[in-house]
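Engineer: Attaching a single structure in structure tokens format; questions to follow.
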Amino acid sequence: MEREAMEFSNKLMYVLLGLAVLMLVGMLASSWRVVLYSFLLVVGVSILFGFTRELPGRRPVLVAGSVVVLYGLLFAVLDVMTGGEPTGSTNYVLGMTPPMALYLLGFPVLVVITGVLYAVTFTQEDVDPELLERERAAIGGEESEGESR
Amino acid sequence: MSTTIAGVVAAYLLATIAIGVWATRKTKNAGDFFVAGRNLGMLVVALAVFTSIQSGFGVLGGTGLTFESGLGGFVAAIGFAAPLGFVLAWFLVAKRMWRIANLGEVYTLGDVVEHRYGSPGVRGWVGVAVALGVIGYLGVQVQATGFIMSAIFDIEFRTAAVIGLVILGIYAIGGGTIAAVYTDLFQGIILVGVSAAVVFIAINAGGGVQNITENLQSSDPALASPFGTVPTLTIACYLFLFGIGAAGQPQLLTKFLMIRDSKELRWGALVSAVAYLLTMLLVAGVGLTALSLNVQGEFPALDSPDQALTRFFVDFTPPLLAGLGLAAILAAIMSTGDAFLNLGAASLIRDIPRSLNFRIRNELLWSRLVVAVLLVVSLLFSFYLDTLVALLGVFGWGTFAAALFPAVVLGLVWPRATKHGAIWSIIASLVANFVLEIGGLYDFAPLPEGVVNGAFALVVAIVVFIAVSLVTQPAEDETSPEVRKAMES
């Protein structure tokens, strides 16, 4: 791993440690907002760990940042909507209360967006064909070895 | 139940046996038994990930919890966080696990951590954590199998559980992971198909979405809200435990060792997540409809909320679809059961003995024997040691998440992680889960109300892992260059 990327990955782990401690405090203080918003940042850190070769680069930050911001917006709007009462208002959206409609449709869509982001940023791995062949042979060869014992 | 329902379920069971026989012929060595010869494509792996995570608890229990507490009972937190967790697992470790699998004879999580840390001790602790979880999970799956089979075929619970386990044994003992993943594929298709079809029937039976919402509001306004009657702190904890903890589930992680080519990883996360989300339509649709009908007095009183889904299938869907629906429930239970049988065998035959510097010869033969023993032991436990099954049942998702996420997942993404950090985080997670879950059964509840024990254990394990790793840094890097290269992403 490049030195710069390695240092960045160390910093990410310190951020994760900080967020974990914050969540611990949130749980002990019964603050759901501290737990929830820390969790969303942990999601962002997890995505960044998927790009350590490219860190610190624009693409990883863009992918992780957009996922965290979209989830953050979803929960912030939900928080505002349900501030007064759990069902938000007396209106209906697609037959559901507005917060229910937002959550039921919004959360899965964001999961799908995150999955699509993984696919479109995916780069295929090149593995030494000789290494791969050796590994396959090892799996295939074990039987004859095992049976002869 | 009607002969049509019993006939459809019987046909499903015969099909799984046929797949098992085919897989047994293909299983020729330990590599086939544990990692399907490292020859699987995207669709098989993606659906195997989804079905091995989507258990009887997710389908039966999830609908029951929704019936009891609204959307927050299961779908809003666990049901939505788990598929997000699939995607995060792919981001975090999919390529890394696949690359480590190329280093040679890497069949189990124990093999992975021994490569990573060069420590048999970490392998042993991972093996212990997996073995504890496996026994708990299997006991619960046996009980669920007996419960469903006895209802379908109108036979006594124990007879039903034995028949279910014999069928599971036929394909799991002979076919190992090949049987597991291909029956998972078949079972996943049934689950997704039934889910997509039944949600429309459910909404129709409830008189439309708005009618369902109005009925729920008339009973309790909170039931028409996204989190139902569940405290928001609990929702936040579950989002964390299932969103992050998914990457620590061994039945998911080991699938990355089975992929034939890295290009197969690209769309797997999305396919798994979408398949799981589709089953959440079933859980949410039937759970809320049944609750709405119950408010109106049009849904029968139940001995347990877990009966909501089976009752709905029998009373509100045509017999053919009801049969497929019940087959789908059995599919969810059996696909989780077979994954854990293989994990248990890997742990007991490979990881724990090797951590003690003892190699078992002919792992294929012994793994098959251990799968048979695990089936019999879990059956006996569920018949005669109900309390023990309940106690071990707590070693489920939360234990795997807290024990394996730091040691395996964070260990693979962070070059400075140490074996001491891994071992102490596993110990901390097991102690935290044991004390909190078993203490809870005896009125010992030190955490604030609403905090989920597993989420607390996971966060403690993460802190312990990072902190201990930082204070136990070796004088020089002990990771081999090959492993270091595999850890890059």
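Since every read-out is calculated from the coordinates, none of them should be taken as a lab result. This one's a predicted model, so the numbers in the text were calculated from it and none came from an experiment. Here the Cβ is made from the backbone with ideal geometry for all residues, glycine too, and neighbour counts use every protein chain on show.
Engineer: On the first, second and third principal axes, largest extent first, how far apart are the outermost C-alpha atoms of the protein assembly as shown in Å?
Structural biologist: Result, largest extent first: 68, 52, 47 Å.
Engineer: Report, as an integer, the average count of C-beta atoms from other chains found within 10 Å of each Cβ along A:31-43.
Structural biologist: 6
Engineer: Could you give me the ³J(HN,Hα) list for region B:131-136, computed from phi with Karplus coefficients 6.51, -1.76, 1.60 and θ = phi - 60°, whole Hz, x at Gly and Pro?
Structural biologist: Working through the residues one at a time gives 4, 4, x, 4, 4, x Hz.
Engineer: Can you list the residues of region A:1-42 with backbone N under 18 Å from a point 7 Å past the Cα of residue B:478, pointing along Cα to Cβ?
Structural biologist: Label zone hits: none.
Engineer: Using Cα centres only, tell me the gap between region B:210-267 and region B:133-174 in whole Å.
Structural biologist: If you average the Cα positions of each part, the centres end up 26 Å apart.
Engineer: Under 16 Å from a point 7 Å along the Cα-to-Cβ line of residue B:26: which residues of region B:167-192 have their amide N that close?
Structural biologist: Under 16 Å, as judged by backbone N against the label point of residue B:26, lie B:171-189 of region B:167-192.
Engineer: In deg cm²/dmol and to the nearest 500, what is the mean residue ellipticity at 222 nm of the protein assembly as shown if only DSSP H runs of at least 4 residues count, each as -39500 (n - 2.57), divided by the residue total?
Structural biologist: After summing the helix terms and dividing by the residues of the protein assembly as shown, the value is -23500 deg cm²/dmol.
Engineer: Using 7 Å Cα-to-Cβ label points, what is the residue B:263/residue B:357 separation (nm, one decimal)?
Structural biologist: 4.6
Engineer: Partner chain Cβ atoms within 10 Å, averaged over the residues of B:456-465 - can you pull that number for me?
Structural biologist: Mean shielding by partner chains, rounded to a whole number: 4.
Engineer: Let me ask something else about it. Would you please give the residues with an amide H less than 5 Å from that of residue B:228, counting only those at least 5 places away or on a separate chain, with H modeled from the backbone geometry?
Structural biologist: Sorted by chain and number, the residues that satisfy this are B:71, B:72.
Engineer: Residue-wise, which Karplus ³J(HN,Hα) couplings in Hz belong to region B:79-85, taking 6.51 cos²θ - 1.76 cosθ + 1.60, θ = phi - 60°, and x for glycine or proline?
Structural biologist: So the J values, rounded to whole Hz, are x, 8, 6, 4, x, 5, x.
Engineer: So, in nm, how far is label residue A:21 from label residue A:4 when the simple model puts each one 7 Å beyond its Cα toward the Cβ?
Structural biologist: 2.9
Engineer: Within region B:128-160, list the residues whose amide N lies under 11 Å from a label point set 7 Å along Cα→Cβ of residue B:383.
Structural biologist: The answer is B:158-160, whose backbone nitrogens lie closer than 11 Å to the label point.
Engineer: Ok, one more. I need the calculated FRET efficiency for the pair residue B:302 and residue A:33, taking r as the beta carbon distance and R₀ as 35 Å, to the nearest 0.05.
Structural biologist: 0.45
Engineer: If you count, for each residue, the other Cβ atoms within 10 Å and average over each peptide, how do B:453-461, B:193-201, B:176-184 line up from highest to lowest?
Structural biologist: Result, highest mean Cβ count within 10 Å first: B:176-184, B:453-461, B:193-201.
Engineer: While we're here: Taking every residue in B:36-49, how many Cβ atoms of other protein chains lie within 10 Å of its Cβ, on average?
Structural biologist: 1
Engineer: Here's a follow-up. Quick one: net charge around residue B:174, please, counting Lys, Arg +1 and Asp, Glu -1 for every other residue with C-beta under 14 Å from its C-beta.
Structural biologist: +2
Engineer: Work out the charge dipole of region B:3-383 with +1 on the Cβ of Lys and Arg and -1 on the Cβ of Asp and Glu about the Cα centre, then indicate which of B:316, B:374, B:127 is farthest towards its positive end.
Structural biologist: B:127
Engineer: Would you work out which of B:173, B:92, A:83 lies farthest towards the positive end of the dipole of the protein assembly as shown? Charges go on Cβ: Lys and Arg +1, Asp and Glu -1.
Structural biologist: Result: B:92, furthest along the dipole toward the positive end.
Engineer: Which value in nm describes the separation of the simple spin-label points at residue B:443 and residue B:210, placed 7 Å from the Cα toward the beta carbon?
Structural biologist: With each label placed 7 Å out from Cα toward Cβ, I get 5.1 nm.
Engineer: Next question. Longer than 20 Å from Cα to Cα, which of A:11/B:263; B:419/B:485; B:95/B:263; B:26/B:255 are they? Say none if no pair is.
Structural biologist: Violating the 20 Å limit, Cα to Cα: A:11/B:263.
Engineer: Right, next: Give me the Å³ per residue figure for the convex hull around the C-alpha atoms of region B:1-107.
Structural biologist: 130
Engineer: Quick one: in region B:89-210, what % of C-alpha pairs are over 20 Å apart?
Structural biologist: For region B:89-210, the fraction of Cα-Cα distances above 20 Å is 68 percent.
Engineer: Provide the FRET efficiency to the nearest 0.05 for the residue A:90-residue B:200 pair, computing r from the beta carbons and using R0 = 30 Å.
Structural biologist: That gives a FRET efficiency of 0.65.
Engineer: Using per-residue counts of other Cβ atoms within 10 Å, averaged over each peptide, order B:476-485, B:108-117, B:158-167 from highest down.
Structural biologist: B:108-117, B:158-167, B:476-485
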